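Chemist: Structure incoming, see below.
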Amino acid sequence: METINEDQTIFDRNVIDLNMKATTKDEVIRELATMLFKENYLSKLDGFIEAVYEREAEGITGMGNNVAIPHGKSEAVKRAGIAIGKTDNMIRWESYDGEPVNFFFLFAVPNDVSGAKLHLQLLSKVAAKLSDDELLNRLKMTHSVDEVIESLTI
């Protein structure tokens, strides 16, 4: 697992689902948020989902190449984390290339000063990794959680 500092875990196999059943954007966000909630990243599921939708209303989170990075900063986030999901089917999502999405990275970040800094740090590092076409293609093909964690380790 990758860490930013001694106690901040970034990738957690318990919040990665490479076989999501979601068929809509709402189902994707709810499934990923529910994983975070069950693993004690969130104090309130609905409060966090609301924050994700507030961010979605501000602008596009589909970065292209069938990848979306929705995120929410919320008082409901107890500790920062990234839930990762993949679907076999393509999901309609607002993206820079106009294409649907089937690979998702839901960022959960505390709504405070340190959370804002961490949010930008995680977002830029993950986005940089995902801009590597070879790595991204490998990630899209795998069904191994270990391979996802190993490939994204920053």
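Chemist: For the range 18-45, enumerate the residues that are without any contact (Cβ under 8 Å) to a residue 24 or more places away in the chain and aromatic (Phe, Trp, Tyr).
Modeler: Matches in the range 18-45: Phe37 only.
Chemist: Can you spot a residue in the range 65-82 that is in a strand (DSSP E or B), among the charged types (D, E, K, R) and touching a residue at least 12 places away in the same chain (Cβ under 8 Å)?
Modeler: Yes.
Chemist: For Asn102, work out the one condition from (1) surrounded by 22 or more Cβ atoms within 10 Å (Cβ to Cβ); (2) of a type in the set (S, T, N, Q); (3) closer than 23 Å to Glu150 by Cα it doesn't fulfil.
Modeler: (1)
This table checks each residue for (1) over 15 Å from the mean Cα position of the chain (by Cα); (2) surrounded by 14 or more Cβ atoms within 10 Å (Cβ to Cβ); (3) farther than 21 Å from Asn14 by Cα; (4) modelled with pLDDT under 90.
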position	(1), (2), (3), (4)
Gly115	yes, yes, yes, yes
His119	no, yes, no, yes
Leu122	no, yes, no, yes
Ala127	no, no, yes, yes
Glu134	yes, no, yes, no
Ser144	yes, no, no, no
Glu147	yes, yes, no, no
Glu150	yes, no, no, yes
Thr153	no, no, no, yes
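Chemist: Next up: Quick one: count up the residues across the range 85-100 that are in contact (Cβ under 8 Å) with a residue 40 or more places away in the chain and either touching a strand residue (DSSP E or B) at 6+ places or on another chain (Cβ under 7 Å) or assigned to a strand (DSSP E or B) (or both). Show your work before the answer.
Modeler: Going through the range 85-100, the residues in contact (Cβ under 8 Å) with a residue 40 or more places away in the chain turn out to be 85-89, 91-93.
Imposing the further condition that a residue be either touching a strand residue (DSSP E or B) at 6+ places or on another chain (Cβ under 7 Å) or assigned to a strand (DSSP E or B) (or both) reduces the set to 85-89, 91, 93.
Total meeting the criteria: 7.
Chemist: Is there any pair with a first residue in the range 117-143 that is without any contact (Cβ under 8 Å) to a residue 24 or more places away in the chain and a second that is part of a helix (DSSP H, G or I) and open to solvent by less than 60 Å² (accessible area, probe 1.4 Å) whose Cβ atoms are under 9 Å apart and which are 6 or more apart or on different chains, and what are they?
Modeler: Between residues of the range 117-143 that are without any contact (Cβ under 8 Å) to a residue 24 or more places away in the chain and residues that are part of a helix (DSSP H, G or I) and open to solvent by less than 60 Å² (accessible area, probe 1.4 Å), the close pairs are Leu135/Ser151; Leu135/Leu152; Arg138/Ser151.
Chemist: Name the single residue, out of those in the range 68-88 being of a type in the set (Val, Ile, Thr) and modelled with pLDDT under 95, that is farthest from the chain's Cα centre (by Cα).
Modeler: It comes out as Val77.
Chemist: Moving on. Considering only residues that are basic (Lys, Arg) and more than 23 Å from Glu147 (Cβ to Cβ), look in the range 65-93 and name the one that is surrounded by the most Cβ atoms within 10 Å (Cβ to Cβ).
Modeler: Lys73
Chemist: Could you run through the range 46-64 and say how many residues are open to solvent by 40 Å² or more (accessible area, probe 1.4 Å) and either part of a helix (DSSP H, G or I) or in contact (Cβ under 8 Å) with a residue 60 or more places away in the chain (or both)? Step through it out loud before you land on a result.
Modeler: Looking only at the range 46-64, we keep the residues that are open to solvent by 40 Å² or more (accessible area, probe 1.4 Å), and these are 46, 50, 53-55, 57-58, 60, 63.
Checking the rest, the ones that are also either part of a helix (DSSP H, G or I) or in contact (Cβ under 8 Å) with a residue 60 or more places away in the chain (or both) come to 46, 50, 53-55, 57-58, 63.
Going through the range 46-64 one residue at a time, the tally reaches 8.
Chemist: Hey, any hits in the range 4-15 for a residue that's assigned to a loop (DSSP other than H, G, I, E, B), at pLDDT below 95 and touching a Phe, Trp or Tyr at 6+ places or on another chain (Cβ under 9 Å)?
Modeler: Among the residues of the range 4-15, at least one is assigned to a loop (DSSP other than H, G, I, E, B), at pLDDT below 95 and touching a Phe, Trp or Tyr at 6+ places or on another chain (Cβ under 9 Å), which makes the answer yes.
The values are calculated or read from the model by the stated rules, or taken from the named source; none is laboratory data. Quantities reported herein were computed from a predicted structural model and do not represent experimental measurements. As a convention, Cβ positions derive from the backbone with ideal geometry for all residues, glycine included, and neighbour counts pool all protein chains shown. Ligands, DNA and RNA are excluded from the accessible area calculation, which covers all protein heavy atoms including side chains. Shrake-Rupley method; radii C 1.70, N 1.55, O 1.52, S 1.80 Å.
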